[in-house]
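One structure below.
The values are calculated or read from the model by the stated rules, or taken from the named source; none is laboratory data. It should be emphasised that the depicted structure is a prediction, and the values quoted were computed from it without experimental measurement. FYI the Cβ positions are ideal-geometry reconstructions off the backbone, even for glycines, and counts take in every protein chain you see.
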Amino acid sequence: MVFSSLTFLFLFLPICLLCYFLAPKNCKNAVLFVLSLIFYAWGEPVYVVLMIFSTVLDYTCGRLTEKYRGTRLKRLGLFISVICNLSLLFFFKYTDFFITTINAVFKTNIPLLNLPLPIGISFYTFQTMSYTIDVYRGNAPVQKNIISFGAYVALFPQLIAGPIVRYKDIAEALNERTHSFEKFSKGVLRFTEGLGKKVLLANNAGLIFTTIVDSAPAENSIFAVPALSAWIGIIAYTFQIYFDFSGYSDMAIGLGHMLGFTFPENFDHPYISKSVTEFWRRWHMSLGTWFRDYVYIPLGGNRNGLLKQLRNIAIVWLLTGIWHGASFNFLFWGVYFGIFLIIEKMVLKRFADRIPNAFKHIYLMLIVIIGWVLFAFDDMAQGVGYFLSMFGGGGVFATNEALYILLTNIPLLIICVLFSTTLPIRLRETVRNKVNENVYTAFEVIFIVAVFMVSVSYLVAGSYNPFLYFRF
Amino acid sequence: MKNKVLTIVFLILVFGIALLQIVIPDKVYSKSEKRMLSKLSEFSFENFYSGKFTSSVEDYISDQFVGRDGFVTAKTMMSILMQKKDSGGVYFAKDGYLIEIHKNVKESQYKKNLAHIEEFAKKMKELRQDRRVTLLPVPSASWTLRDKLPRFAANVNQKALIDLAKEYDIDVLDITDALYDKKNEYIYYKTDHHWTSYGAYLGYVEYMKHVGKKPRSLSDFTKETLCTNFRGTTYSKVNLFFAPFDEIDAYYMDLFYKVSYNSDTYVTDSIYERSYLEGKDQYAVFLNSNQELTHIEGNGTGSILILKDSYANCFAQFLPEEYKDIYLIDLRFYTGSVEEFVEENDIDEILFLYNVPNLAEDKNVIRCTK
């Protein structure tokens, strides 16, 4: 189930809130666990078994780690957890990719498994692994209650599209958390904000992109669109993926607040960055943290000389790329950013002070936007065709359709630009400081009702509402 | 205080709307969308595992959503506010026209359809050499009224599609110019995807000329306004309260002809099924919506079989004084053999009458060859 659906908003959410808040305190985790399994089973009735398996596995591994701490078997739990989780992830997500590659290279004909990818598997395997690792490192307490642990693994707000919540982030809240109007209202604001980002901004921007991709003449063997269309399209996609992904995180964080949890932040206005390094500190922060804590630093980070550091960066970005989907374009996308990070670290850092901010910003956005071309097309030929179209490969600069799309989407694109900056937040704070509290509350009520109702209108009208994370 | 207010507002929104869904009884049929609405399927573990149950719940919630029309209106208003020139697959065109968007027509299906028609026409002529088989592809509003579309709006070139049909061994009647000449008259509904009776009259004139008959002048027919509050399919997609109302007109020489549907399943004495004028699907007044087989007994000579979509329904009202027997077959619903039908009734003329986008996309044209 996805948050931006009528089924979630008017069926799952009310039932969930009712059950959760009526349940006595010591049953809340159990309620949460069951609700989360239903939430997951809604779209993945079979793979819910996998999730229960993962829960039992890491629960056991955590207990083993605790039990054998300081003995010869101290790594047993860790070992089982990492092997099993990575195997699960590899088997379900990468086997077919692997087989296809082997078939292509060695001209063999190994049949594919054609298994559907369990939704969210990349998120929950990473989360459960982080638990056992943290218990092993002594960074997180062991969870003795399997229901509470299950509630963590299956926790529906962050289940499908993150943020990647490490066990230690919510270990305390899992055992002891409070609920208040303050937290709930904070969650309401955040959730509504995310819903609006997803339904009103991301979906409409996404519609521009798909319209343009679909407008490519099908008869041509090479994918091509007019240059203007290609640029509008990829800029629209740039906004779509940001508002979709960060909107999802906002909804997750908001739901977390309602249920008494505080999840880590996941996006911090990445498009205002002035370097690739900064961009990745602001984009999908929980994934970056994960790779830093569980891959980069254990590999030695930057402590063992430049050569080792470069190797470590290369490994992390290869993995980051492939984490986003089992396909070469994602791999190249990761490598692409890895290369820019290395260049920045080794060369550009020295000149950074002398370059005007505007240039740095344009440089970053160009890299990011072109990166999204790699990301958007898992058919590489199509991606190359699209990329060439941006520089005139489509033969014409603009068609009527390109102009139509541009003219009818100017307000949307302007709003997208504004909401990519910190301007709305600063404006909100200014208003908050200027007007008295009741007036400000009235503004917030209007905001919630308007954004919520307009979003529902778009959902009811059956507008374009894609789910982007089925490959993650 | 503030926190309580925000919490309560949100809970009212979520629980309020959810409760309304439960309290308000389900509808079976959507008048504005003209289709049966989904019902909730029964829960079983089997259904749940296959995903059937969950998708049925999703369709059900979306279809039965309380205040659906109002929400669609809100979405359209929002689109207009955002300077969009289309919403829900409909262009906001000049003079209040809501015109269905046709931009990506798959030529592969269209070419298949043309090949089927070619094959069918050949067979029909083999069976009786003097039998005329004509294809009349009617351009839809987005082509004829293209001057009314928003600036730069994408639009499939329907003239080019008609020209493509001429490359086949098919007798194609091209009426794009005849319609375009009258583009400033009321030849398409403003809120529906059909042509008006007057538009269909222009088609009738061209067809008569094409088969070597003399068309009657419009004044030979009695014009009766059947209703003035028609809002059709393109209206339903945007649900704009300030959209104009359309007028549905009937043209006839004689009000009474024997019409029988689906081999005498239902026999009546008029082309106009007036009960529909009370409902929302008022265009269905012409020949009782879309029936698989319709037979009109006219006062003319010879027989004609029209293989058609709904564009033919208002076209047929001009024919009863020209032919003795007028048959209409809707291949979307007709399951019998067209060839046998033609043989049995010794049909003199055959006319394919489709609007161009539908002719290009319909997957049932193949049935004419059966």
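Below, the figures for the structure above:
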{"item": "Conditions (1) more than 21 Å from A:Q158 (Cβ to Cβ); (2) facing another protein chain (nearest Cβ under 8 Å): number failed by A:L189", "result": "(1)"}
{"item": "Tally of residues being under 28 Å from A:V135 (Cβ atoms) and among the hydrophobic types (A, V, I, L, M, F, W, C) across the stretch A:281-312", "result": "7"}
{"item": "Pairs with Cβ under 6 Å, 6+ apart, first in the stretch A:160-182 and assigned by TED's automatic domain parsing to the domain that holds A:I147, second among the hydrophobic types (A, V, I, L, M, F, W, C) and in a loop (DSSP other than H, G, I, E, B)", "result": "A:I160/A:I119; A:P163/A:F263; A:V165/A:F263; A:Y167/A:A140; A:K168/A:A140; A:I170/A:F261; A:A171/A:A140; A:A173/A:F261"}
{"item": "Test for A:L403: is it surrounded by 13 or more Cβ atoms within 10 Å (Cβ to Cβ) and away from chain B (no Cβ under 14 Å)", "result": "no"}
{"item": "Helices (runs of 4 or more DSSP H) contained in the stretch B:42-103 and holding at least 2 residues buried (at least 17 other Cβ atoms within 10 Å of the Cβ) and either among the hydroxyl-bearing types (S, T, Y) or in contact (Cβ under 8 Å) with a residue 12 or more places away in the chain (or both)", "result": "B:52-63, B:68-81"}
{"item": "Restricting the stretch A:26-45 to residues that are surrounded by 18 or more Cβ atoms within 10 Å (Cβ to Cβ) and away from every other protein chain (no Cβ under 14 Å), the residue that is nearest to A:P14 (Cα to Cα)", "result": "A:L35"}
{"item": "Count of residues meeting criterion [assigned to a loop (DSSP other than H, G, I, E, B), polar (S, T, N, Q) and closer than 18 Å to A:L32 by Cα] in the stretch A:138-149", "result": "2"}
{"item": "Subset tally (residues that are of a type in the set (K, R) and touching a Leu at 6+ places or on another chain (Cβ under 9 Å)) for the stretch A:416-472", "result": "1"}
{"item": "Selection status of A:L374, surrounded by 13 or more Cβ atoms within 10 Å (Cβ to Cβ) and among the hydrophobic types (A, V, I, L, M, F, W, C)", "result": "yes"}
{"item": "Filter result (small (G, A, S) and in contact (Cβ under 8 Å) with a residue 60 or more places away in the chain) within the stretch A:51-75", "result": "A:S54, A:G62"}
{"item": "Pair list, Cβ under 7 Å, 6 or more apart: the stretch A:347-364 residue of a type outside the set (D, E, K, R), other residue part of a helix (DSSP H, G or I)", "result": "A:L364/A:V276; A:L364/A:F279"}
{"item": "Selection within the stretch A:347-365 - among the aliphatic types (A, V, I, L, M), surrounded by 12 or more Cβ atoms within 10 Å (Cβ to Cβ) and assigned to a helix (DSSP H, G or I)", "result": "A:L348, A:A352, A:I362, A:L364, A:M365"}
{"item": "Qualifying position, being surrounded by fewer than 21 Cβ atoms within 10 Å (Cβ to Cβ), in contact with a helix residue (DSSP H, G or I) (Cβ under 9 Å, 6 or more places away or on another chain) and among the small types (G, A, S), among A:S122, A:S148", "result": "A:S148"}
{"item": "Some residue of the stretch B:309-330 being aliphatic (A, V, I, L, M) and surrounded by fewer than 22 Cβ atoms within 10 Å (Cβ to Cβ)", "result": "no"}
{"item": "Among the candidates A:V439, A:V449, A:V454, residue that is exposed (fewer than 13 other Cβ atoms within 10 Å of the Cβ), within 14 Å of chain B (Cβ to nearest Cβ) and part of a helix (DSSP H, G or I)", "result": "A:V439"}
{"item": "A:A376 being within 22 Å of A:S229 (Cα to Cα) and in contact with a Pro (Cβ under 6 Å, 6 or more places away or on another chain)", "result": "no"}
{"item": "Residues of the stretch B:292-308 that turn out to be surrounded by fewer than 20 Cβ atoms within 10 Å (Cβ to Cβ) and either in contact with a Lys or Arg (Cβ under 7 Å, 6 or more places away or on another chain) or of a type in the set (S, T, N, Q) (or both), as a count", "result": "6"}
{"item": "One residue from A:V188, A:V142, A:V165, A:V135 being of a type outside the set (S, T, N, Q) and closer than 22 Å to A:Y469 by Cβ", "result": "A:V165"}
{"item": "Qualifying residues in the stretch A:408-436 (those that are part of a helix (DSSP H, G or I) and among the hydroxyl-bearing types (S, T, Y)) - the one surrounded by the fewest Cβ atoms within 10 Å (Cβ to Cβ)", "result": "A:T430"}
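Here's the yes/no breakdown for (1) at pLDDT below 90; (2) in a helix (DSSP H, G or I); (3) among the acidic types (D, E):
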{"position": "A:T71", "(1), (2), (3)": "yes, no, no"}
{"position": "A:V82", "(1), (2), (3)": "no, yes, no"}
{"position": "A:L88", "(1), (2), (3)": "no, yes, no"}
{"position": "A:L115", "(1), (2), (3)": "yes, no, no"}
{"position": "A:I119", "(1), (2), (3)": "yes, no, no"}
{"position": "A:Y124", "(1), (2), (3)": "yes, yes, no"}
{"position": "A:Y136", "(1), (2), (3)": "no, yes, no"}
{"position": "A:A151", "(1), (2), (3)": "no, yes, no"}
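Per-residue answers, yes or no, for (1) polar (S, T, N, Q); (2) buried (at least 22 other Cβ atoms within 10 Å of the Cβ); (3) outside the structural domain of A:F337 (by TED's automatic domain parsing); (4) farther than 26 Å from A:H361 by Cβ:
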| residue | (1), (2), (3), (4) |
| --- | --- |
| A:K197 | no, yes, no, no |
| A:L207 | no, no, no, yes |
| A:I212 | no, yes, no, no |
| A:I222 | no, no, no, yes |
| A:Y237 | no, yes, no, no |
| A:S249 | yes, yes, no, no |
